[in-house]
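All remarks here apply to the structure that follows.
The values are calculated or read from the model by the stated rules, or taken from the named source; none is laboratory data. Just so it is clear, the structure is predicted and the values come from calculations on it, not from any experiment. Quick reminder, even Gly has a Cβ in these numbers, built from the backbone with ideal geometry, and neighbours come from all protein chains shown.
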Amino acid sequence: MLFHSTHTLLSGSDILERLLCNHRMSILVIDVEARVTLIGGKLLELVDYSSADCLGKTVDELFSFDPGIAVYYRRALQGVADKLIVINERNQVEIHFEPIRNDEGHLVGALGYDLVLADRERLLQAQQERERQLAELLDNSIDGVLLLDCRYVIKRSNAVVEKMYNDGRPLAGHICYQRIRGRSKICKQCPVAEVFRTKTAVTAQFFDEGLKRYIAVHAAPLFDDRGEEVIGALETLRDVTQVIEYAHQIKSQELLVNDIFSSIRDSVFIINSDFTILRANPAFEALRGCGLPLAGRKCYEITGLDGPCPYCEVYKVFTNREAVVFVHQQPEDDAFLPGQWQEHSCHPVVSEDGDVTAAVCIIRDITDRKADEEAQERHRNELEMKVRERTRELKKSESTMQAILLNSNVPILFTDPAQRIVFVNSALLEIMGYEEKDLLGNDVVMLYPNKIKRYRNFEILRKRIVSGRLEKYRTITQLLRKDGGLIDVDLNIASVFDEHGNVMALVMAVLDITKTLQTLEALKMARQQAEEASIAKSQFLATMSHEIRTPLNGVIGLTDLLLHSDLDDRQRNYAQLAQASGTYLLTLINDILDFSKIEAGKLEIIDAPFDLIEMVESVLGILAAKAQDSHLELCGLFLSGLPRHVVGDGDRIRQILVNFIGNAVKFTSKGGVKLVVAVETWFDVDKKSYCMVRFEVSDTGIGVPEESAHRLFHSFSQVDASHMKKYGGTGLGLAISKELVQLMGGDIGHRTNEHGGSTFWFTVPLQAEQDAETVENVLRHGSLEFKDIPVLVVDDNIVLNDVLRHQLNEWGMLVAIARNKAEALAMLKCAHADARPFRLVIIDNDLEGSPGIELAEEIASCDDFLAIGMILLTPLSNEFEGPSIPLRYVDKIIGKPLTGSTLFNSVLSVLTDKVIVGADRTDLLQTMKQTWVKERTFQKILDDFSVERDVDDMAAETCDDGTPVILIAEDNRVNQIVVSEILAQAGFRYEIAGHGEKVCEAVAARVFSLVLMDCQMPIMDGFQATDMIRRMERGQETRSPAHRGRIPIIALTANATDGDESRCFLSGMDDYCSKPIHAEKLISVIRKWLPTIG
């Protein structure tokens, strides 16, 4: 080899030494042991040895300051040629290394020679320029850049990454994972570590927890000069947070678009210019029954064609760059869509360059719409045909219509918009007295009289009609005849509009009402006369009412006094017959007067608050004696939820109940009568609570035959004409009741009971007062539990048994029924033996076979029954003379008729072994008063119970001996006797004044406790006298102290039509008592007012 020969030639020669010194070329030769055999030139400047000192040294010893040079020599000894740039303080040397072989090709050493590239100063400038360029490149990069060596030490960084991780400390010279990540070891999945491992570039993305940003990293290896060994890495970092967020938004929008695209019911697909389907929605994929993705296929292929459809116009989207819409019907033999009408709409997709890149095609099934359009077209054609036919008919009938107008009995004229007359018919000419030529072309105002034309609003009205603002107008006015006379007309004016809404004509229909107005005037006069006659009738009815009631009051009052005197049996019978006849006559008069009010339309319903329970119980009390006389049970039952305090016409409801119950008692010979009151439903009106209350009166009487039921509720009608003779009555009661119920907004009816008898019912709406108390099922009262208390009822009357069972069951009690004494004793003993004794026994004293008091005596005498409470039901009878026997054996006595409140208080009193203060004492006294009617017996009972009178009861004005003095203002002698006798028997003193003037004189002269004022008296009536007395009281400063104070005045009136309470109260009276006068009622009213005096 050349170098081997050269070495052999030049070894030991001074020529080589001089050559190396005179040239800038350096040379170094080593043997196979890596020892220096020759060195010269500039290489000596690198090692700082003399040439002699270098010989024999190994290359490792010679180049200890740069082990890399020794590495290259050893590689050359292995047969590898290479080069290396070495820089010292003065020079930069490029050393080339080559192996030395002998002629046989064996390695015998290595040769190293160099070429001096530049001196140090020029090399440094070049290096600085490269570094400046590198720094400028790094700083101008939009990405963060890090230069790392193999130990992850940051050699260099640019401004971007410095700003990204700026905390006041430089990055260069620090290990990256310690400085940037704050970790003690290499990060997991570090891209630089992957670069060192694979010697390839790595791209990664991660979320920087410190920066809270997404960072994209690209790391590339840095090789040595040979490109074999990785000596470092270049890492670029880019903040891609916005890119990722934008990508997420794009992804969301893409999903939304996909959802919308997939949910469109129409068939939608996108194709390019060669009809290749780019995308299709499910509706299009299902259109041809493919069921497979169609992307990539030609759109015409799915129809079985080899080329575009002949009807298709999609190509226009690409050629004309605009949307196209066309309609197509599928062939009838199409396998999937036979005969379907389709609307194809295609829209271009334009790129940023303005090129049409695709077309969006939408196929919509319009078969139904097409059918509708065809139906509408047919309908339109039919309508046009009908319009043409109608037009022909109108033209044909135009002459007929004109003939009708000309010959119509209704006067008619037409005017143009200027109100010039253009048409008149013969009827108008007839009533106005004109000829046609007199009117045509003239202003219609010529038909109005001057007094109308002078009205300020006349011209305004004309302008409104002509302008069309008043389409129709009607008025009663007068028109001027040709002869100057006036006629009264009903004038109707209507505007006729053209197709543009402008007034083209006015039609005036003129109706002559002269005779009609005359007739109305006559009717008005007749009505006025009828009203005057009605007033006269009412006045006559009021007078007759007073005149009839005055002697009737005397008959009833005197017979009542006779019945309280000592009479023998024959005399008493006559007196009772006289009183019954008077009472019947009073009922008859009341019915006739009420019916007269109803027919005259003057009966009014007056709503006022009242106690519903108290009102119903008072009706039962009124009819109790009548029921007892017929040996009937009369009971009342209030069902749960019934309000106690309501607003309605309580007096009219009482009147209906008296009629219903009175009829039931009248037509019942055995058994009893039951009244049930319940709420049907609740409803609200104007935020007020109302209830529909149902009243049912059931009896066990003769009933109503089905064929005669239609006669009920008719005036002067009874089911059987023979009943009039047998039972009496006018036949007006049910008719009046029906009218009253309808006036109150309710309903009325009748039904036949299954086991005989009848049920009459009616409903009325009543307003429940706010927070009104209701009748509720009572299961517990205080500490007493009503539920499951065993109760034995002893009674043989089915009506009373039914009421007691129902009422006690509602309170939760366990009820057993015994019908006689023996059955009751047996049930009591059996219950005691079973250790389930009865706690309460309710006994009817009117038992068949033996009085109930005998059963009570036996129960009370048995030691086993001492804990049982007993209640005795007593009828209204005067056969029981004293209270000593009942009170010895029973705990409570209840007088019939039986009511829920009385029964509840009695049961509660007996079970709690307490006396109910106040209410129970009053109930007991009332019961005894009804049971023992003889005066001495009742007074004895009062004495036995030590009834105390309140001190306030004695506060009235009295005479010297303390007895109140009452002034009777009455002109009728019989009424004077009746009233004075009632007052005398009640222990009052009285004086009588025959007319109003005497009343005023008497009041002015002395002090009276109370005045009973008749309203109808001669000279001065009761209203005038009351007004005079009140005026005297208002000027009482002139009176003596003994005469000062307001005197209670109670009205006594027989006026049944317009003598309302309101008139009495307005005149200054304090209370009201109607005739005929009943002793108990009059005394009750007097006692109500006597305690208020003083």
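Yes/no matrix, rows are residues, columns are (1) surrounded by 16 or more Cβ atoms within 10 Å (Cβ to Cβ); (2) within 25 Å of S669 (Cβ to Cβ):
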| residue | (1), (2) |
| --- | --- |
| D802 | yes, yes |
| Q807 | yes, no |
| W811 | yes, no |
| L814 | no, no |
| R819 | yes, yes |
| M827 | yes, no |
| A835 | no, no |
| V841 | yes, no |
Within region 39-52, residues buried (at least 22 other Cβ atoms within 10 Å of the Cβ) and assigned to a strand (DSSP E or B) come out as I39
In region 183-205, anything more than 13 Å from G232 (Cα to Cα) and touching a residue at least 24 places away in the same chain (Cβ under 8 Å) is listed as I186, Q205
Sole miss for K163 among (1) loosely packed, with under 14 Cβ neighbours inside 10 Å; (2) part of a loop (DSSP other than H, G, I, E, B) is condition (2)
Expected output for region 992-1004 (first residue touching a residue at least 40 places away in the same chain (Cβ under 8 Å), partner buried (at least 19 other Cβ atoms within 10 Å of the Cβ), Cβ below 6 Å, 6+ apart or cross-chain) is V1003/I1029
When every residue in region 132-149 that is part of a strand (DSSP E or B) and aliphatic (A, V, I, L, M) is compared, the one farthest from C176 (Cα to Cα) is V145
Checking A427, A375 in turn, the sole residue that is more than 30 Å from N320 (Cβ to Cβ), small (G, A, S) and surrounded by 13 or more Cβ atoms within 10 Å (Cβ to Cβ) turns out to be A427
Could you check, for region 176-199, whether at least one of its residues is closer than 16 Å to I231 by Cβ and either of a type in the set (D, E) or in a loop (DSSP other than H, G, I, E, B) (or both)?
yes
Of the listed residues (V1011, V1003), the one being among the hydrophobic types (A, V, I, L, M, F, W, C), farther than 20 Å from K1088 by Cα and buried (at least 22 other Cβ atoms within 10 Å of the Cβ) is V1003
Selection from region 233-263 of residues in contact (Cβ under 8 Å) with a residue 40 or more places away in the chain and either hydroxyl-bearing (S, T, Y) or under 20 Å from H347 (Cα atoms) (or both) yields T236
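Listed here are the residues, each with its yes/no results for (1) part of a strand (DSSP E or B); (2) modelled with pLDDT under 90; (3) under 60 Å from the mean Cα position of the chain (by Cα).
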| residue | (1), (2), (3) |
| --- | --- |
| E991 | yes, no, no |
| A1002 | no, no, no |
| M1013 | yes, no, yes |
| Q1016 | no, yes, yes |
| E1033 | no, yes, yes |
| A1042 | no, yes, no |
| G1045 | no, yes, yes |
| L1052 | yes, yes, yes |
Taking region 814-850 and the residues there that are over 27 Å from E785 (Cα atoms) and outside any helix (DSSP H, G or I), the one that is nearest to the chain's Cα centre (by Cα) would be R819
Over region 338-356, the set of residues more than 19 Å from I271 (Cβ to Cβ) and touching a helix residue (DSSP H, G or I) at 6+ places or on another chain (Cβ under 9 Å) is G339, Q340, W341
